[in-house]
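Following: one structure in structure tokens, then a few remarks.
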Amino acid sequence: VQRPGGGAPLRFEVPPRGFWQVNDGGTDLLVRLVADGVALGLASGRGNELPVAAHGAGREAGREEERRPVEEAPRRLALVDLYCGSGLFGVSLAATTSFASVLGLELGAEAVAAAEANAAANGVGALCRFEAADLAFSGRPPAGLAAALAPGGVDLAVVVDPPRAGLSGAMRGALRRSTCSVLVYVSCDAQTLGRDLAALCGAEGAGTAFRLARATPVDLTP
């Protein structure tokens, strides 16, 4: 898999019963789109307008150039990769060295073990942690997930790549109540994606609504 931002390709091993995109070009494109989406979302912040540069418009000249830049303390960034499988997105984004920590959650222990091995094989084992969790919960979120979605002192990005059934209502509620600045949703079913986006971005529901900034279709047919 092509490393986001360039560099040596990343290598992944997938268990026999694990899921993987067999279209190599489509997989590379997905990883690049997810990495770009996370970066764009962190630059704009949850619920805010996109940065002017993202729209291709120019900034005001003159005054802007006269101002001295204000140095800010580096922000600590954390990534939570839900339905992480064998670690495709978590490991790939960890390889950009942009994140202080990466946590991947998946239902199957076999996939979790593969994700851990892939992180170590690609030199990001120290940054990544992968755990088994029930992501199809219907009541309160598992303790590990609840803690991951409300970390202190960091800017949080969340990537979700659920099966065709999409997110449960409880998971949608947990994401709305989370402190994450950006949510990137990778979907393989347009119908459940539309349902989930309506719940995540709508006015109804507890927590803060997300704002849809971008939707990009990807042809994964080999």
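The values are calculated or read from the model by the stated rules, or taken from the named source; none is laboratory data. Predicted model only: the values in this text are computed from it and were never measured. Here Cβ is always computed from backbone atoms with ideal geometry, including for glycine, and neighbour counts include all displayed protein chains. In case anyone asks, the SASA skips ligands and DNA or RNA and just uses the protein heavy atoms, side chains included. Shrake-Rupley method; radii C 1.70, N 1.55, O 1.52, S 1.80 Å.
Of all residues in the range 132-158, those satisfying the criterion of being hydrophobic (A, V, I, L, M, F, W, C), in contact with a Leu (Cβ under 7 Å, 6 or more places away or on another chain) and part of a strand (DSSP E or B) are Ala132, Ala157, Val158.
The listed residues are Leu167, Leu183, Leu197, and the only one of them that is within 18 Å of the chain's Cα centre (by Cα), closer than 24 Å to Leu29 by Cβ and assigned to a strand (DSSP E or B) turns out to be Leu183. Annotation note: Cβ proximity below 6 Å between a residue of the range 149-172 that is over 25 Å from Asp189 (Cα atoms) and a residue that is modelled with pLDDT under 95 and open to solvent by 50 Å² or more (accessible area, probe 1.4 Å) (sequence gap 6+ or interchain) occurs for Ala150/Thr179; Val154/Arg76; Asp155/Arg75; Leu156/Thr179. Selection of the range 129-159 for residues being open to solvent by less than 20 Å² (accessible area, probe 1.4 Å), closer than 21 Å to Val182 by Cα, out of contact with any Cys (no Cβ under 6 Å at 6 or more places or on another chain) and not β-branched (Val, Ile, Thr) yields Phe130, Leu135, Leu145, Ala148, Leu149, Ala157. What pairs come out if I take residues in the range 13-30 that are at pLDDT below 80 and pair them with residues that are open to solvent by 70 Å² or more (accessible area, probe 1.4 Å) and among the hydrophobic types (A, V, I, L, M, F, W, C) whose C-beta lies under 8 Å away, six or more apart or interchain? As it stands, the answer is none, since no pair meets every condition given.
Across the range 114-128, the qualifying residues are those that are exposed (fewer than 15 other Cβ atoms within 10 Å of the Cβ) and without any contact (Cβ under 8 Å) to a residue 12 or more places away in the chain, and the one among them that is farthest from Arg164 (Cα to Cα) is Ala126.
Inspect all residues belonging to the range 98-106 and state whether any of them is open to solvent by 70 Å² or more (accessible area, probe 1.4 Å) and either acidic (Asp, Glu) or modelled with pLDDT under 95 (or both). There is no residue in the range 98-106 that is open to solvent by 70 Å² or more (accessible area, probe 1.4 Å) and either acidic (Asp, Glu) or modelled with pLDDT under 95 (or both). Within this structure, Arg129 fails the test of being out of contact with any helix residue (DSSP H, G or I) (no Cβ under 7 Å at 6 or more places or on another chain), assigned to a helix (DSSP H, G or I) and among the basic types (Lys, Arg).
Going through (1) open to solvent by 40 Å² or more (accessible area, probe 1.4 Å); (2) touching a Gly at 6+ places or on another chain (Cβ under 7 Å); (3) modelled with pLDDT under 95 one by one, Ser181 falls short only on (1).
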